[in-house]
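Notes for the one structure printed next.
No lab work stands behind these numbers, since they all come straight from the coordinates. In this text, all values refer to a predicted model and were calculated from it rather than measured experimentally. Please note: Cβ atoms are built from the backbone with ideal geometry, for glycine as well, and neighbour counts cover all protein chains shown.
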Amino acid sequence: MLETTAEISCPYCGEIITLFLDLSIESQTYIEDCSVCCQPMNVSYTVEDGELSSVSAETAG
């Protein structure tokens with residue numbers, strides 16, 4: 001499994017957190033709790049040519 005990390009800003013508390021992403025999946029959306037404030041975020045990312053192309057986090061709900 002190819003993995004990478006990405007730093008994003010939590011849409012709730014604004015803190016920068018690190019996500020671990022699986023690059024073998026070309027496009028994925030999932031819910032992950034912020035490691036600082038524990039609020040659920042919708043995380044979406046895409047991979048092109050084996051490299052992270054985009055990543056975003058939005059409030060869940």
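Data for the structure
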| item | result |
| --- | --- |
| Subset of segment 1-17 (residues that are touching a residue at least 40 places away in the same chain (Cβ under 8 Å) and within 12 Å of the chain's Cα centre (by Cα)) | Thr4, Ala6, Ile8, Ser9, Cys10, Pro11 |
| Some residue of segment 18-30 being under 12 Å from Ala60 (Cα atoms) and either free of Cβ contacts under 8 Å to residues at least 40 places away in the same chain or within 9 Å of the chain's Cα centre (by Cα) (or both) | yes |
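Residue-wise test of (1) part of a strand (DSSP E or B); (2) of a type in the set (D, E, K, R).
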| position | (1), (2) |
| --- | --- |
| Glu7 | yes, yes |
| Gly14 | no, no |
| Gln28 | yes, no |
| Thr46 | yes, no |
| Ser54 | yes, no |
